[in-house]
Amino acid sequence: MRRAIGRWAIFAIAIPLTAAALGLIADQVEQHRGADSKVVKGLRVGRSILRPGS
């Protein structure tokens, strides 16, 4: 039961927070390096993998 709760917590809390953090970091990097930066594109891809619906 404890493992199931831990797994649920990861899916329900950690993944959306990580996706949001990647989006914020991508916005900050985009301001400094521009929208065509490979770093920004990589962060956006990472975010889209974590949050396929957005």
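Of note:
- Under the Karplus curve 6.51 cos²θ - 1.76 cosθ + 1.60, θ = phi - 60°, whole-Hz ³J(HN,Hα) for segment 31-41, x wherever Gly or Pro sits: 5, 8, 10, x, 6, 8, 5, 5, 5, 4, 4
- The chain: calculated mean residue ellipticity at 222 nm from DSSP helix runs of at least 4, using -39500 (n - 2.57): -23500 deg cm²/dmol
- Rounded percent of accessible protein surface that carbon and sulfur make up, the chain, 1.4 Å probe: 63
The values are calculated or read from the model by the stated rules, or taken from the named source; none is laboratory data. Bear in mind the structure is a predicted one, so any value in this text is a computation, not a measurement. Just the protein is used for accessible areas: all its heavy atoms, side chains included, with ligands, DNA and RNA removed. Shrake-Rupley method; radii C 1.70, N 1.55, O 1.52, S 1.80 Å.
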